[in-house]
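Colleague: Below: one structure in structure tokens.
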């Protein structure tokens, strides 16, 4: 309709649908979404700059704090990158332990997302029950690493704690229970008519858009793009462990959720395989690695939300010259407006949750110097 | 006019305002406790035994809070609409025979069933006004959704409420109750099921929890309200639930009828009425906990394409059933 007036509804920076601050300026006509403009900058912490000021060893803990949910994965990626710069060998047992923790983290991250999905589509019971079942994974993480969430487990050259046979038995027992619960939730997602009504056919993302905007992770896989760093690149012990890459072809919010549900089964299998085939040997170098020789390297790992990239330049000594972090949410969130075509306002939370938004890890500030004049570029411009 | 103490006692204390308020708080607590148990939580447990005073504590807290009137609101409607909507629902409940008679001590009049539904519709409209006057995009979206949903679902609700009246041959609630030696839920169970669904929509419970869908439009029409006004809006919501339960009990579960073991009989009538409405509350809350929220367009499509034809069909079957019963008896 020409001449009709739109209402602009701000979703954020503080809003019940968001758990971290970001602003989506949503233009609606009645209940129909006309346009969505993401705008960032509420959660910038300057971690890349901090990394340059601190030593290689202390940066491990900074990397772990980029994202609370996937901290083991961030430290894994950072350590892999340091090891590539310094040609440091990692003992095979440490590689397997890294794999176990990475997959446990993927399980609890995906389960958290199911809980948030329940909350966002008004299904409180799902939220409460998933959060209860997720707790057993966090207990496992505490058992292995010493902490429920912020593990600080992975170090350059190895890991910090070893597994005992008794702990392996506990892990297996807990994983059996979790697998049974995931089966139940899969049934819920497949059979609950209201969940299907809310999610299927919503937020369509076709394959061309995945390539054009560079979506990564489960979002790309739900549109039929078989992209998974775990089998494309070598890190941790993934090249020794058999697993499937889950893809679906429905391209909607529901299929993004189902990809994650099926990935949970794969993750549980990977952890079980890893604890069964755990090699003997040391778990890390005798002394902490404090200095890294000059050089540069790039490392990629598969975070729960997609491909995570660390790029580190070292000029020798104990401090990095540059640490560049590129998180999966960066692409997935900033390009999300392609999914809101013809969506209803009520679809917005359902689409947003299927992207697994993690705002604090994607906040970057970029200053571009042009003709001697410094100019801040918005992230949205850069992501395109 | 003679100052009649019992009349004022009836209106203000029992079975009037105070009793209804107590019921509202009790049902609020039952809802919260039941939802918590279904979700593997504890629920309210500190204020009073098993947390039964928690709703009261919440209202006291709200009434002591600062009230903020944002700039640019229509102050007159904004201030008045929470109180008016609350009063309208209380007035509607006063007509329902709780202890055998209604609050005014009479047996009601022919047509009070229509009156309470008219009052409920008007109450919903004042809820719409409260959101519309607060000049906030979330409130506007929320209040428009209230209108969509209530105007749509009022039609099947009233059509379905006609069925018991048809069976009883009267539009007076006292007469409908009197005819229910066998509660109507056993005679026309399909109408009861449909009525429960449309009540779910009238009470804004999941899966029809759309007008205040938190993750889309924050608190819907309540967004700009604070302090006492918010307390009155919340009380309105509790009153709506009492109203819904009371109407369902009156129309389908035989109202206050039940075995009377010893006198006074009004005590037993009240007890049966409360027990039956707790049953209804449990059904409502069970559906609420087991469902996710639908989308507004799905709800409206479901109303016009499914609920209204079904309620018309059930009305026709009830008419046929009634002529059949009249023919046999």
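The values are calculated or read from the model by the stated rules, or taken from the named source; none is laboratory data. No experiment lies behind these values; they were computed from the predicted model shown. A quick note on method: Cβ atoms are made from the backbone with ideal geometry, for glycine too, and the neighbour counts reach across all protein chains shown.
Colleague: Conditions first: (1) part of a helix (DSSP H, G or I); (2) within 20 Å of residue B:24 (Cα to Cα). Residue B:209 passes all but one, so which condition is the exception?
Modeller: It is condition (1) that residue B:209 fails.
Colleague: Looking only at segment A:258-265, decide whether some residue is surrounded by 14 or more Cβ atoms within 10 Å (Cβ to Cβ), in contact (Cβ under 8 Å) with a residue 60 or more places away in the chain and in contact with a strand residue (DSSP E or B) (Cβ under 9 Å, 6 or more places away or on another chain).
Modeller: no
Colleague: Provide a single number: the residues in segment B:214-238 that are within 14 Å of chain A (Cβ to nearest Cβ) and in a helix (DSSP H, G or I).
Modeller: Counting residues in segment B:214-238 that are within 14 Å of chain A (Cβ to nearest Cβ) and in a helix (DSSP H, G or I) gives 6.
Colleague: Further question: Is it the case that some residue within segment A:93-102 is farther than 21 Å from residue A:264 by Cα and touching a strand residue (DSSP E or B) at 6+ places or on another chain (Cβ under 7 Å)?
Modeller: The answer is yes, given that some residue of segment A:93-102 is farther than 21 Å from residue A:264 by Cα and touching a strand residue (DSSP E or B) at 6+ places or on another chain (Cβ under 7 Å).
Colleague: Scan the helices (runs of 4 or more DSSP H) fully inside segment A:269-384 and keep the ones with 1 or more residues being at pLDDT 85 or above and within 14 Å of chain B (Cβ to nearest Cβ).
Modeller: Values: elements: A:328-334, A:347-354, A:379-383.
It comes to A:347-354.
Colleague: Does residue A:323 count as closer than 17 Å to residue A:72 by Cβ and touching a strand residue (DSSP E or B) at 6+ places or on another chain (Cβ under 6 Å)? Spell out the reasoning first.
Modeller: On the way: closer than 17 Å to residue A:72 by Cβ: no; touching a strand residue (DSSP E or B) at 6+ places or on another chain (Cβ under 6 Å): yes.
It is false that residue A:323 is closer than 17 Å to residue A:72 by Cβ and touching a strand residue (DSSP E or B) at 6+ places or on another chain (Cβ under 6 Å).
Colleague: Regarding segment B:245-257, can at least one residue be identified that is in contact (Cβ under 8 Å) with a residue 40 or more places away in the chain and either under 30 Å from residue B:138 (Cβ atoms) or within 14 Å of another protein chain (Cβ to nearest Cβ) (or both)? Spell out how you get there, then give the answer.
Modeller: Here is the first cut: in segment B:245-257, the residues in contact (Cβ under 8 Å) with a residue 40 or more places away in the chain are B:245-248, B:250-257.
Add one more test, that the residue is either under 30 Å from residue B:138 (Cβ atoms) or within 14 Å of another protein chain (Cβ to nearest Cβ) (or both), and what stays is B:245.
Yes, some residue in segment B:245-257 is in contact (Cβ under 8 Å) with a residue 40 or more places away in the chain and either under 30 Å from residue B:138 (Cβ atoms) or within 14 Å of another protein chain (Cβ to nearest Cβ) (or both).
Per-residue answers, yes or no, for (1) surrounded by 15 or more Cβ atoms within 10 Å (Cβ to Cβ); (2) closer than 19 Å to residue A:121 by Cβ; (3) in contact with a helix residue (DSSP H, G or I) (Cβ under 6 Å, 6 or more places away or on another chain):
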| position | (1), (2), (3) |
| --- | --- |
| A:6 | no, no, no |
| A:10 | no, no, no |
| A:15 | yes, yes, no |
| A:23 | yes, no, no |
| A:26 | yes, yes, no |
| A:29 | no, no, no |
| A:37 | no, no, no |
| A:43 | no, no, no |
| A:46 | no, no, no |
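Colleague: Another question, if that's okay. Going by what's in this entry, would residue B:201 be described as crowded, with 18+ Cβ neighbours inside 10 Å and either farther than 14 Å from residue B:164 by Cβ or away from chain A (no Cβ under 14 Å) (or both)?
Modeller: Working: crowded, with 18+ Cβ neighbours inside 10 Å: yes; either farther than 14 Å from residue B:164 by Cβ or away from chain A (no Cβ under 14 Å) (or both): yes.
Judged against the criteria, residue B:201 is a match.
Colleague: Does segment A:197-213 hold any residues that are away from every other protein chain (no Cβ under 13 Å) and surrounded by fewer than 16 Cβ atoms within 10 Å (Cβ to Cβ), and which are they?
Modeller: Selection gives A:206, A:207, A:208, A:211, A:212.
Colleague: Which numbered condition in (1) more than 17 Å from the chain's Cα centre (by Cα); (2) under 15 Å from residue A:352 (Cα atoms) is the only one that residue A:234 fails?
Modeller: (2)
Colleague: Which residues, taken from segment A:83-94, are assigned to a helix (DSSP H, G or I) and either touching a helix residue (DSSP H, G or I) at 6+ places or on another chain (Cβ under 6 Å) or surrounded by fewer than 24 Cβ atoms within 10 Å (Cβ to Cβ) (or both)? Spell out the reasoning first.
Modeller: Kept after step one, since they are assigned to a helix (DSSP H, G or I), are these residues of segment A:83-94: A:83-86, A:92-94.
A:83, A:84, A:85, A:86, A:92, A:93 - these are the residues of segment A:83-94 that are assigned to a helix (DSSP H, G or I) and either touching a helix residue (DSSP H, G or I) at 6+ places or on another chain (Cβ under 6 Å) or surrounded by fewer than 24 Cβ atoms within 10 Å (Cβ to Cβ) (or both).
Colleague: Further, regarding this structure: For segment B:73-169, please list each of the helices (runs of 4 or more DSSP H) lying entirely inside it that holds at least 2 residues being more than 21 Å from the chain's Cα centre (by Cα), buried (at least 21 other Cβ atoms within 10 Å of the Cβ) and within 14 Å of chain A (Cβ to nearest Cβ).
Modeller: Where helices (runs of 4 or more DSSP H) fall fully within segment B:73-169 and carry at least 2 residues being more than 21 Å from the chain's Cα centre (by Cα), buried (at least 21 other Cβ atoms within 10 Å of the Cβ) and within 14 Å of chain A (Cβ to nearest Cβ), they are B:137-168.
Colleague: Let me spell it out: the conditions are (1) part of a loop (DSSP other than H, G, I, E, B); (2) surrounded by 15 or more Cβ atoms within 10 Å (Cβ to Cβ); (3) within 20 Å of the chain's Cα centre (by Cα), and residue A:244 meets all of them except one. Which number is the exception?
Modeller: For residue A:244, the exception is condition (2).
Colleague: Continuing with the same structure: Out of curiosity, is residue A:283 under 21 Å from residue A:89 (Cα atoms) and buried (at least 19 other Cβ atoms within 10 Å of the Cβ)?
Modeller: Yes.
Colleague: Only one of (1) out of contact with any strand residue (DSSP E or B) (no Cβ under 9 Å at 6 or more places or on another chain); (2) surrounded by 20 or more Cβ atoms within 10 Å (Cβ to Cβ) fails for residue B:189. Which number is that?
Modeller: Going through the list (1) out of contact with any strand residue (DSSP E or B) (no Cβ under 9 Å at 6 or more places or on another chain); (2) surrounded by 20 or more Cβ atoms within 10 Å (Cβ to Cβ), residue B:189 breaks only (2).
Colleague: Just to be sure, is residue A:194 modelled with pLDDT under 90, closer than 29 Å to residue A:352 by Cα and either more than 11 Å from every other protein chain (Cβ to nearest Cβ) or buried (at least 18 other Cβ atoms within 10 Å of the Cβ) (or both)? Walk me through how you get there before you give the answer.
Modeller: On the way: modelled with pLDDT under 90: yes; closer than 29 Å to residue A:352 by Cα: yes; either more than 11 Å from every other protein chain (Cβ to nearest Cβ) or buried (at least 18 other Cβ atoms within 10 Å of the Cβ) (or both): yes.
Yes.
Colleague: Tally time: how many residues in segment B:280-299 are facing chain A (nearest Cβ under 9 Å), in a helix (DSSP H, G or I) and in contact with a helix residue (DSSP H, G or I) (Cβ under 9 Å, 6 or more places away or on another chain)?
Modeller: So the answer is 5.
Colleague: Residue check: is residue B:241 surrounded by fewer than 21 Cβ atoms within 10 Å (Cβ to Cβ) and either in a loop (DSSP other than H, G, I, E, B) or touching a residue at least 24 places away in the same chain (Cβ under 8 Å) (or both)? Full working, then the answer.
Modeller: Details: surrounded by fewer than 21 Cβ atoms within 10 Å (Cβ to Cβ): no; either in a loop (DSSP other than H, G, I, E, B) or touching a residue at least 24 places away in the same chain (Cβ under 8 Å) (or both): yes.
So residue B:241 fails the test.
Colleague: While we're looking at this one, here's another question. For the condition touching a strand residue (DSSP E or B) at 6+ places or on another chain (Cβ under 8 Å), more than 14 Å from chain B (Cβ to nearest Cβ) and buried (at least 21 other Cβ atoms within 10 Å of the Cβ), what is the one hit in A:216, A:159?
Modeller: Going through A:216, A:159 in turn, just one is touching a strand residue (DSSP E or B) at 6+ places or on another chain (Cβ under 8 Å), more than 14 Å from chain B (Cβ to nearest Cβ) and buried (at least 21 other Cβ atoms within 10 Å of the Cβ): A:216.
Colleague: Sticking with this one: Which of the numbered conditions does residue A:306 fail, given that it passes all the others? Conditions: (1) on the phi > 0 side of the Ramachandran plot; (2) surrounded by fewer than 23 Cβ atoms within 10 Å (Cβ to Cβ).
Modeller: Going through the list (1) on the phi > 0 side of the Ramachandran plot; (2) surrounded by fewer than 23 Cβ atoms within 10 Å (Cβ to Cβ), residue A:306 breaks only (2).
Colleague: Are there any pairs, at least 6 apart or on different chains, whose C-beta atoms fall under 9 Å, with the first in segment A:153-182 and closer than 15 Å to residue A:98 by Cα and the second part of a strand (DSSP E or B), and if so, which?
Modeller: Final answer for the pair search is A:153/A:159; A:160/A:154.
Colleague: What number goes with the only condition from (1) surrounded by 20 or more Cβ atoms within 10 Å (Cβ to Cβ); (2) within 14 Å of chain A (Cβ to nearest Cβ) that residue B:195 does not pass?
Modeller: Just one mismatch for residue B:195, condition (2).
Colleague: Based on this model, can you work out whether residue B:57 counts as crowded, with 17+ Cβ neighbours inside 10 Å, out of contact with any helix residue (DSSP H, G or I) (no Cβ under 8 Å at 6 or more places or on another chain) and either within 14 Å of chain A (Cβ to nearest Cβ) or not in a loop (DSSP other than H, G, I, E, B) (or both)?
Modeller: Judged against the criteria, residue B:57 is not a match.
Colleague: For the condition more than 14 Å from chain A (Cβ to nearest Cβ) and buried (at least 16 other Cβ atoms within 10 Å of the Cβ), what is the one hit in B:44, B:49?
Modeller: The conditions single out B:44.
Colleague: Of the residues in segment A:8-44, how many are assigned to a loop (DSSP other than H, G, I, E, B) and more than 12 Å from chain B (Cβ to nearest Cβ)?
Modeller: Matching residues across segment A:8-44 total 9.
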